[in-house]
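Taking it in order: structure first as structure tokens, then the write-up.
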Amino acid sequence: MHDVAVDAPTIATGHAPAAAPPEGADFEIVPRAGLPIIAVVLGLLIAGIAVNEEWPLTFLHVVGGAAWTIIDLFLGFVLGPIMGKLSIPARVELTKRLMPKMVLIMPTVVTVTLAAGWQLAVHLGTVQSSFDLHGWVVASYIVVGVMAIIALGLLEPANIAVLVELKKHRPNPQVIEKLMKRFIYTAGATGLMQVATLVIMTKLASG
Amino acid sequence: MSERRLPPVTQLAMTSLALIVAGGIYLASHIPNPVPLAPAIALLAASALLLATNLLLLARVSDFPWRHFFDVAKWALLAYTIIAGMIEYAFLRNHLKGGALVVLTLSLVVFAVHVPTLIGFTVARFYEPESAPGPA
């Protein structure tokens with residue numbers, strides 16, 4: 001079984017000339033202005049784990065988890081289908097503005113949610129196999145594990161690759177189309193998994 | 001339209017990640033009881049073998065755009081090293097030690113190398129020699 005790399009011509013084959021993406025898109029793949037904010041958030045996470053108290057850990061886990069769930073659901077079920085129906089130039093414009101922010105936001109939100117959540121669970125004792133709802137906790141590990149594999153293996157590489165393609169003087173619409181399709185489908189899959197996360201987390205919170 | 005055949009890097013990387021995630025879940029689901037490490041070690045070894053296979057298969061691809069691969073992979077490696085470091089910090093903060101710490105640390109190493117490899121590959125596979133990069 002082999003992947004096939006497509007060396008397609010750089011003209012907008014199969015699309016009307018007006019559908020071709022603009023040449024040499026001027027944007028940052030990783031928005032440098034956002035890096036200090038990320039550093040502050042990660043600093044808060046380190047501090048939260050170091051003090052190991054319930055309120056800061058709950059705050060970081062709930063805020064991070066809420067952001068992660070809402071972004072996944074919104075991308076998967078609202079923005080994804082809309083993007084699929086946009087014209088290519090409109091999709092390119094949206095992608096250039098949305099995707100660089102996602103490159104910073106998603107890994108940070110996921111790291112904060114999982115690290116603070118694990119520490120909180122250790123603090124509360126809910127990671128212990130003697131915990132009443134241990135089966136639900138293990139189910140949450142599995143759901144998060146599957147989401148991580150999809151996000152790391154498919155979603156994140158597609159996100160970066162589409163941005164690199166858009167940085168070229170003459171982006172290839174076929175490559176963008178293929179990568180965006182992958183992004184939208186995987187965002188939908190993780191959106192579905194987030195529904196399972198909501199079920200598990202509300203069960204754990206209510207006992 | 002010309003086509004270049006490439007090894008199944010994405011499939012192998014996702015399988016490798018699935019194996020270390022399974023090992024992590026196996027260890028985490030038994031806390032605080034002592035747990036045989038053999039299944040987790042076997043999963044980690046299989047995952048590391050897939051990483052080595054992936055790198056070997058990629059190294060054998062003729063005319064692979066390595067410069068474009070490393071342009072992206074080096075920054076991804078930095079980012080995922082920071083993420084792996086945060087997770088390791090949480091392990092150490094909770095006084096994890098012994099065999100479980102070694103297995104989980106090596107799992108993080110596989111994770112921190114394989115994900116950037118996959119990102120670099122996904123970018124480089126769409127490289128076309130005639131398309132110059134745009135403004136930085």
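Every number in this text was worked out from the coordinates using simple rules, so none of it is lab data. Being a predicted model, the structure only gives us computed values, none of them experimental. When we count neighbours, we look across all protein chains shown, and the Cβ atoms used for this are built from the backbone with ideal geometry, even at glycine.
Which residue, of A:ALA189, A:ALA139, A:ALA116, A:ALA151, is in contact with a Leu (Cβ under 7 Å, 6 or more places away or on another chain) and either of a type in the set (Gly, Ala, Ser) or within 9 Å of another protein chain (Cβ to nearest Cβ) (or both)? Walk me through how you get there before you give the answer.
Details: A:ALA189 fails: in contact with a Leu (Cβ under 7 Å, 6 or more places away or on another chain); A:ALA139 fails: in contact with a Leu (Cβ under 7 Å, 6 or more places away or on another chain); A:ALA151 fails: in contact with a Leu (Cβ under 7 Å, 6 or more places away or on another chain).
Exactly one residue qualifies, and that residue is A:ALA116.
Determine which single condition A:GLN174 fails, assuming it passes every other condition in (1) in a helix (DSSP H, G or I); (2) in contact with a His (Cβ under 9 Å, 6 or more places away or on another chain); (3) more than 9 Å from chain B (Cβ to nearest Cβ); (4) not hydrophobic (A, V, I, L, M, F, W, C).
(3)
Exactly one of these conditions fails for A:MET201: (1) out of contact with any helix residue (DSSP H, G or I) (no Cβ under 6 Å at 6 or more places or on another chain); (2) surrounded by 21 or more Cβ atoms within 10 Å (Cβ to Cβ). Give me its number.
So A:MET201 meets the others, but not (2).
What's the number of the condition A:LEU120 fails, among (1) out of contact with any His (no Cβ under 7 Å at 6 or more places or on another chain); (2) in a helix (DSSP H, G or I); (3) in contact (Cβ under 8 Å) with a residue 60 or more places away in the chain?
With (1) out of contact with any His (no Cβ under 7 Å at 6 or more places or on another chain); (2) in a helix (DSSP H, G or I); (3) in contact (Cβ under 8 Å) with a residue 60 or more places away in the chain applied to A:LEU120, the lone miss is (1).
With the condition being aliphatic (A, V, I, L, M), within 9 Å of another protein chain (Cβ to nearest Cβ) and within 23 Å of B:ALA124 (Cα to Cα), I'd like the helices (runs of 4 or more DSSP H) fully within the range B:1-104 carrying at least 3 qualifying residues. Reasoning before the result, please.
Details: elements: B:9-28, B:38-59, B:66-93.
The helices (runs of 4 or more DSSP H) meeting that bar are B:9-28, B:66-93.
If you scan the range A:123-146, which residues turn out to be among the aliphatic types (A, V, I, L, M) and without any contact (Cβ under 8 Å) to a residue 60 or more places away in the chain?
Of the residues in the range A:123-146, the ones among the aliphatic types (A, V, I, L, M) are A:124, A:127, A:133, A:137-139, A:142-144, A:146.
A:VAL127, A:VAL138, A:ILE142, A:VAL143, A:VAL144, A:VAL146, listed by residue number.
When the range A:196-207 is examined, which residues are found to be in contact (Cβ under 8 Å) with a residue 60 or more places away in the chain and part of a helix (DSSP H, G or I)? Step through it out loud before you land on a result.
First pass over the range A:196-207, keeping only residues in contact (Cβ under 8 Å) with a residue 60 or more places away in the chain: A:197-198, A:200-201, A:203-204, A:207.
Within the range A:196-207, A:THR197, A:LEU198, A:ILE200, A:MET201, A:LYS203, A:LEU204 qualify.
If we scan the range A:71-83, do we find a residue that is over 21 Å from A:MET180 (Cβ atoms), among the aromatic types (Phe, Trp, Tyr) and part of a helix (DSSP H, G or I)?
Quick first cut of the range A:71-83, residues over 21 Å from A:MET180 (Cβ atoms) only: none.
No, the conditions are met nowhere in the range A:71-83.
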